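The structure appears right after this line, and notes come after that.
The values are calculated or read from the model by the stated rules, or taken from the named source; none is laboratory data. Keep in mind that this is a model prediction, so the values were computed, not measured. All Cβ positions, glycine included, derive from the backbone under ideal geometry; neighbour counts span all protein chains shown. The accessibility values were calculated without ligands, DNA or RNA, using every heavy atom of the protein model including side chains. Shrake-Rupley method; radii C 1.70, N 1.55, O 1.52, S 1.80 Å.
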Amino acid sequence: MSTHVTPPPDDAHPADVPYPLGGPYPPSGTAWQPGAAPVHGATADPASYPQPYPQPYPVMMVPMVPAQRSTGIAVAGLVTAIIPCTALIGLVLSIVALVQSRRDGRGRAMSIAGTAVAAVWVVGYALLTIFGLITQSRICDKYGPGTHTVDGTVYSCHY
């Protein structure tokens, strides 16, 4: 709802002009009351105005703890552990870094991660090797000595 207010004539006194909110101006010198419309010429309570920005929270100083840096061996162990063909090297490097980290307390998390990743790769390779050897043994037992092609795979059986 919009109220259109016509501007007063140039020679009008403020007391003669209707107040924009619907009534005459309050008399001069009247004190402002909270919740009331502001008095002409009086200053409003600063707390009634919205703050332009939220007030900052008090800052609590926390002592800085230096971050524990990793050793180069721990980084190298994790990187080589991630690459499948170098997992065994990564396992060795990560174990060496883990032993060193117990001594000086640096790079422990990274060396544990490298050891875990490398161990997964090494166990996976071991299981595949065992599975392959069992399959080879069964084929050789079934067909005897010599070279055999089964389902497109060549098996060499030499006793």
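Which of the residues that make up the stretch 136-159 are among the aromatic types (Phe, Trp, Tyr) and either part of a helix (DSSP H, G or I) or touching a Phe, Trp or Tyr at 6+ places or on another chain (Cβ under 6 Å) (or both)?
Hit for the stretch 136-159 is Tyr143, nothing else.
For every residue, the table says whether it meets (1) among the acidic types (Asp, Glu); (2) crowded, with 19+ Cβ neighbours inside 10 Å; (3) more than 9 Å from Ala74 (Cα to Cα).
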{"position": "Ala87", "(1), (2), (3)": "no, yes, yes"}
{"position": "Leu93", "(1), (2), (3)": "no, yes, no"}
{"position": "Val96", "(1), (2), (3)": "no, no, no"}
{"position": "Val99", "(1), (2), (3)": "no, no, yes"}
{"position": "Gly107", "(1), (2), (3)": "no, yes, no"}
{"position": "Met110", "(1), (2), (3)": "no, yes, no"}
{"position": "Ala116", "(1), (2), (3)": "no, no, yes"}
{"position": "Val122", "(1), (2), (3)": "no, no, yes"}
{"position": "Tyr125", "(1), (2), (3)": "no, no, yes"}
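Has the stretch 48-65 got at least one residue that is modelled with pLDDT under 70, assigned to a helix (DSSP H, G or I) and farther than 15 Å from Val122 by Cα?
yes
So that you can scan it fast, the table gives a plain yes or no per residue for (1) within 30 Å of Ile83 (Cβ to Cβ); (2) of a type outside the set (Ser, Thr, Tyr):
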{"residue": "Trp121", "(1), (2)": "yes, yes"}
{"residue": "Leu127", "(1), (2)": "yes, yes"}
{"residue": "Ser137", "(1), (2)": "no, no"}
{"residue": "Lys142", "(1), (2)": "no, yes"}
{"residue": "Thr153", "(1), (2)": "yes, no"}
{"residue": "His158", "(1), (2)": "no, yes"}
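For the stretch 145-159, how many residues are loosely packed, with under 11 Cβ neighbours inside 10 Å and among the aliphatic types (A, V, I, L, M)?
Residues in the stretch 145-159 being loosely packed, with under 11 Cβ neighbours inside 10 Å and among the aliphatic types (A, V, I, L, M): 1 in total.
Inside the stretch 131-144, can you point out the residues that are open to solvent by 100 Å² or more (accessible area, probe 1.4 Å) and of a type outside the set (Asp, Glu)?
Phe131, Leu133, Arg138, Lys142, Tyr143
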